[in-house]
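The values are calculated or read from the model by the stated rules, or taken from the named source; none is laboratory data. All values derive from a computational prediction rather than experimental measurement. Cβ atoms come from the backbone with ideal geometry, glycine included; neighbour counts cover every protein chain shown.
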2 protein chains.
Amino acid sequence: MSVLELRSARRAAVRRLDAPVASAASPVEAADRPWLDQILVGDCIAQLEKLPRHSVDLVFADPPYNLQLGGDLVRPDQSKVDAVDDDWDRFESFEAYDAFTRAWLLAVRRVLKPSGALWVIGSYHNIFRVGAKLQDLGFWILNDVVWRKANPMPNFKGKRFTNAHETLIWASRDREAKGVTFNYEALKVGNDDLQVRSDWLFPLCTGSERLKNADGDKLHPTQKPEALLWRILTATTKPGDVVLDPFFGTGTTGAVAKRLGRHFVGVEREHAYVEHARARIDAVRPAPEEGLAGVTPKRSEPRVPFGSLVEAGLIAPGTRLTDARRRHAALVRADGSLAVGPESGSIHRMGAAVQGLEACNGWTFWHVETEGGLAPIDVLRQRIRSALTAVPA
Amino acid sequence: MSVLELRSARRAAVRRLDAPVASAASPVEAADRPWLDQILVGDCIAQLEKLPRHSVDLVFADPPYNLQLGGDLVRPDQSKVDAVDDDWDRFESFEAYDAFTRAWLLAVRRVLKPSGALWVIGSYHNIFRVGAKLQDLGFWILNDVVWRKANPMPNFKGKRFTNAHETLIWASRDREAKGVTFNYEALKVGNDDLQVRSDWLFPLCTGSERLKNADGDKLHPTQKPEALLWRILTATTKPGDVVLDPFFGTGTTGAVAKRLGRHFVGVEREHAYVEHARARIDAVRPAPEEGLAGVTPKRSEPRVPFGSLVEAGLIAPGTRLTDARRRHAALVRADGSLAVGPESGSIHRMGAAVQGLEACNGWTFWHVETEGGLAPIDVLRQRIRSALTAVPA
DNA sequence: ATTTTCTGTGAATCTGCTC
DNA sequence: AGAGCAGATTCACAGAAAA
């Protein structure tokens with residue numbers, strides 16, 4: 001079962017439920033904490049002043065990334081990429097961005113309980129600045145976590161590595177914080193009895209989960225997948241905890257919090273986002289308690305490209321490969337390409353080329369000379385694979 | 001076969017090679033650049049002053065990040081370090097680390113060529129500070145890359161996620177840098193014809209690759225795997241480039257650089273590391289030259305204007321061109337222009353015009369009728385190119 | 001009804017040379 | 001320095017359309 005299948009199965013199961021709204025504030029709570037399970041509309045720092053200090057268990061923050069994009073970007077098919085060009089993502093300078101970061105971190109710090117913790121997500125444009133600033137302010141980093149995107153946007157111009165991940169920082173309010181929630185056992189059980197690592201694989205938020213506006217276009221440029229919030233909330237909150245999201249957007253944090261029987265508070269400036277978020281959260285029915293286990297993607301065998309055999313030293317550059325009958329020969333190069341005369345390409349391309357075919361499985365076609373005779377390079381791949389899937393003792 | 005055995009097998013295989021030491025400085029170079037392929041022993045910043053400015057193509061830096069061992073840090077301002085040691089304070093310590101980071105980044109920046117680039121590796125303890133500082137100094141981040149550890153150390157206390165990755169930052173010296181090396185095509189070919197992503201999977205440096213001291217203990221606490229450096233150097237340097245490692249340690253950068261036919265310069269303070277690194281690098285035999293050539297990017301192939309196909313008689317004036325689906329048609333003219341009705345222009349302009357697009361690659365858009373069916377005119381260009389390269393050297 | 005093909009799209013700091 | 005232009009460049013899905 002794939003990650004996607006898992007996710008639809010989970011969502012279908014959740015929709016069938018008809019349990020009472022566990023996370024709705026009770027009458028007593030409503031009088032005491034009128035901000036509970038609400039979206040506060042307005043500027044993040046001004047609105048946070050309405051909350052009492054030490055009232056929040058967890059903060060999840062998805063601040064503007066300060067992308068600093070240049071001109072338009074077009075795909076190889078000449079279609080235009082719908083970039084993040086919103087006003088809220090534009091800052092005058094690094095200094096302005098740092099001041100903004102400092103302000104919301106301080107506001108958030110005031111409302112956090114001493115045992116509270118903070119999650120921030122960002123990309124290389126902003127995450128280093130945010131991370132340094134939160135260290136400066138006394139937050140204590142517990143982990144950095146990488147969201148590996150299953151289906152990232154490619155680098156269309158071929159000038160960089162595919163930007164295939166975002167970074168999350170998990171930090172306690174204080175260095176000496178006691179009682180920070182981490183549901184270690186539950187996470188481990190949900191992960192085939194293996195500790196959950198700091199690199200998480202999730203697809204982007206697409207398809208029916210992605211909120212659309214009246215025109216059918218995406219409502220928010222950076223809506224996060226619910227699976228990501230699910231993992232965060234099941235890992236680092238308890239049922240009944242209060243989760244604050246100071247950049248609420250379309251309310252993913254609120255929707256997942258409600259589903260998981262946690263309280264939320266959101267702050268959002270844009271009225272259009274707030275309206276959609278309210279409707280979205282209203283439609284959520286909390287899962288019954290026994291259904292609150294996390295979803296874990298199936299661990300699949302890592303794909304091993306030919307280049308990694310060269311990198312790992314299993315095949316030295318300059319090695320000659322042949323086919324099983326030694327009719328064709330090729331030279332391995334340091335970058336993982338094969339050279340046949342003046343031509344070069346991947347093991348698959350060159351395997352196809354020497355045979356005059358459209359396609360070829362290079363792993364089984366090309367062989368290497370060993371002490372025990374000619375062996376397909378696929379046996380080397382198997383060795384790498386076992387090295388890469390080795391479970392720590 | 002275990003990972004350890006794999007590594008010995010590889011090292012043995014590489015030692016068997018007996019090619020000339022391609023990366024050793026020639027006599028001329030030795031006089032001109034006496035620091036080439038050397039380890040400079042001493043303080044990083046002081047030693048870097050010995051190198052001329054704009055002399056280095058790439059920097060790989062694995063800086064120390066143990067914030068609490070003041071003595072382990074090489075700081076520009078020694079008096080300040082003493083003060084911190086006596087009255088250790090978190091804020092003071094971050095400040096000291098930032099000053100240290102600033103100093104080595106500036107030193108490195110001076111020796112980098114304008115087209116040069118920098119790699120830094122770190123963990124959540126230091127990487128956010130380093131990333132923010134290098135942005136402050138004018139470096140321009142090209143990617144952040146995650147090294148996913150195949151076999152990380154588990155979190156023994158069960159209080160955190162398994163710390164299973166480290167973060168690398170790849171940055172150009174300047175925002176407007178031109179000519180930064182990125183061997184995109186070669187990377188793609190070595191990765192089964194897929195773009196390489198920003199998350200890389202490698203095992204830790206263990207087994208026979210891991211240098212040991214006389215007691216059999218690991219010599220260096222954070223020796224990096226050679227495969228990681230292999231990836232970095234094949235991706236972002238060319239043969240013959242100069243790679244600087246200001247925190248040389250056990251010389252992984254130097255060993256891989258030599259093997260790949262790149263020059264290195266190392267700076268290291270600890271004599272024990274320097275000795276081991278020298279012996280290690282001396283034992284390295286470079287890969288044969290024919291294994292070091294990379295895939296030729298299309299962008300660097302000789303430019304062949306469409307007109308020369310007409311001149312060479314490969315396409316006669318009056319020939320009709322169409323797109324792959326025969327939706328559009330154009331007429332070849334003697335001067336190498338295309339005519340569509342009353343309009344005419346280059347193959348690119350007219351390709352764009354008939355589709356109503358801003359731009360178009362006419363070489364792949366326009367097709368010509370051949371015996372074997374419709375073929376893109378790019379195949380005709382390829383014939384011209386191979387005719388050009390067939391000229392004896 | 002089922003399978004195949006086509007089209008659209010996602011937090012992106014995304015060209016390089018000549019005149 | 002800025003304009004002009006040749007020409008190089010994409011992966012994993014989802015959903016619609018076609019077969």
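Scanning segment B:279-310 for residues that are of a type outside the set (A, V, I, L, M, F, W, C), in contact (Cβ under 8 Å) with a residue 24 or more places away in the chain and within 30 Å of B:L374 (Cβ to Cβ) gives B:T296, B:P297, B:K298, B:E301, B:P302, B:P305, B:G307, B:S308. Could you please let me know if B:N191 is among the polar types (S, T, N, Q), free of Cβ contacts under 8 Å to residues at least 24 places away in the same chain and under 30 Å from A:D193 (Cα atoms)? Taking the combined requirement at face value, the residue does not satisfy it. Scanning segment A:364-393 for residues that are in contact with a His (Cβ under 8 Å, 6 or more places away or on another chain) and within 13 Å of another protein chain (Cβ to nearest Cβ) gives A:A375, A:I377.
Within segment A:154-168, being in a loop (DSSP other than H, G, I, E, B), hydrophobic (A, V, I, L, M, F, W, C) and more than 7 Å from every other protein chain (Cβ to nearest Cβ) holds for one residue alone: A:F156. Scanning segment A:113-151 for residues that are more than 7 Å from chain B (Cβ to nearest Cβ) and in contact with a Lys or Arg (Cβ under 8 Å, 6 or more places away or on another chain) returns A:K113, A:P114, A:S115, A:G116, A:A117, A:L118, A:I121, A:K133, A:L137, A:G138, A:F139, A:W140.
Would you check which residues across segment B:169-224 are among the basic types (K, R), within 16 Å of DNA strand C (Cβ to nearest atom) and not in a helix (DSSP H, G or I) and list them? Correct list: B:R173, B:R175, B:K178, B:R197. Going by the structure shown, is A:V120 over 24 Å from B:V196 (Cβ atoms), modelled with pLDDT of 95 or more and not basic (K, R)? For A:V120, the condition - over 24 Å from B:V196 (Cβ atoms), modelled with pLDDT of 95 or more and not basic (K, R) - is met. Of all the numbered requirements in (1) buried (at least 16 other Cβ atoms within 10 Å of the Cβ); (2) more than 11 Å from chain B (Cβ to nearest Cβ); (3) in contact with a helix residue (DSSP H, G or I) (Cβ under 7 Å, 6 or more places away or on another chain), A:E301 misses one, and that requirement is (1). Screening segment A:37-74 for residues that are of a type in the set (D, E) and either buried (at least 19 other Cβ atoms within 10 Å of the Cβ) or more than 14 Å from chain B (Cβ to nearest Cβ) (or both) and picking the one that is nearest to DNA strand D (Cβ to nearest atom) gives A:D62. Looking across segment B:1-57, the residues that are at pLDDT below 75 and in a loop (DSSP other than H, G, I, E, B) come down to B:M1, B:S2, B:L17, B:D18, B:A19, B:P20, B:V21, B:A22, B:S23, B:A24, B:A25, B:S26. None of B:L229, B:L194, B:L204 is within 16 Å of DNA strand D (Cβ to nearest atom) and within 11 Å of chain A (Cβ to nearest Cβ) except B:L194. A residue that is away from DNA strand C (no atom under 16 Å from the Cβ) and among the aromatic types (F, W, Y) cannot be found anywhere in segment A:158-166.
Residue count for segment B:125-148 under the criterion of being in a strand (DSSP E or B) and either away from DNA strand D (no atom under 16 Å from the Cβ) or closer than 29 Å to A:T181 by Cα (or both): the result is 8.
Considering segment B:321-376, and only residues there that are aromatic (F, W, Y) and within 16 Å of DNA strand C (Cβ to nearest atom), the residue that is surrounded by the most Cβ atoms within 10 Å (Cβ to Cβ) turns out to be B:F365.
When segment B:288-303 is filtered for residues that are over 18 Å from the mean Cα position of the chain (by Cα) and away from DNA strand C (no atom under 16 Å from the Cβ), the ones remaining, listed by number, are B:P288, B:E289, B:E290.
When segment B:169-191 is filtered for residues that are farther than 18 Å from A:G158 by Cβ, more than 8 Å from chain A (Cβ to nearest Cβ) and among the hydrophobic types (A, V, I, L, M, F, W, C), only B:A171 remains. Here A:N151 does not qualify as outside any helix (DSSP H, G or I), touching a strand residue (DSSP E or B) at 6+ places or on another chain (Cβ under 6 Å) and within 16 Å of DNA strand D (Cβ to nearest atom).
Among the conditions (1) within 7 Å of chain A (Cβ to nearest Cβ); (2) out of contact with any strand residue (DSSP E or B) (no Cβ under 6 Å at 6 or more places or on another chain), B:D199 misses just one, which is (2). If you go through segment A:176-194 and keep only what is surrounded by 19 or more Cβ atoms within 10 Å (Cβ to Cβ) and either modelled with pLDDT under 95 or in contact with a Pro (Cβ under 9 Å, 6 or more places away or on another chain) (or both), you end up with just A:L187. Residue-level check: of (1) more than 16 Å from DNA strand C (Cβ to nearest atom); (2) of a type in the set (A, V, I, L, M, F, W, C); (3) modelled with pLDDT under 95, A:L69 misses just (1). When you look at B:G240, is it closer than 21 Å to B:L118 by Cβ and touching a helix residue (DSSP H, G or I) at 6+ places or on another chain (Cβ under 6 Å), yes or no? Spelling it out, it is not the case that B:G240 is closer than 21 Å to B:L118 by Cβ and touching a helix residue (DSSP H, G or I) at 6+ places or on another chain (Cβ under 6 Å).
B:V295 passes every criterion in (1) touching a Lys or Arg at 6+ places or on another chain (Cβ under 7 Å); (2) surrounded by 14 or more Cβ atoms within 10 Å (Cβ to Cβ) apart from (1). Checked against (1) farther than 28 Å from A:P114 by Cβ; (2) without any contact (Cβ under 8 Å) to a residue 40 or more places away in the chain; (3) more than 6 Å from DNA strand C (Cβ to nearest atom), A:D89 passes all but a single condition, namely (3). Could you tell me whether segment A:98-106 includes any residue that is facing chain B (nearest Cβ under 10 Å), assigned to a strand (DSSP E or B) and free of Cβ contacts under 8 Å to residues at least 60 places away in the same chain? Checked segment A:98-106: no residue is facing chain B (nearest Cβ under 10 Å), assigned to a strand (DSSP E or B) and free of Cβ contacts under 8 Å to residues at least 60 places away in the same chain.
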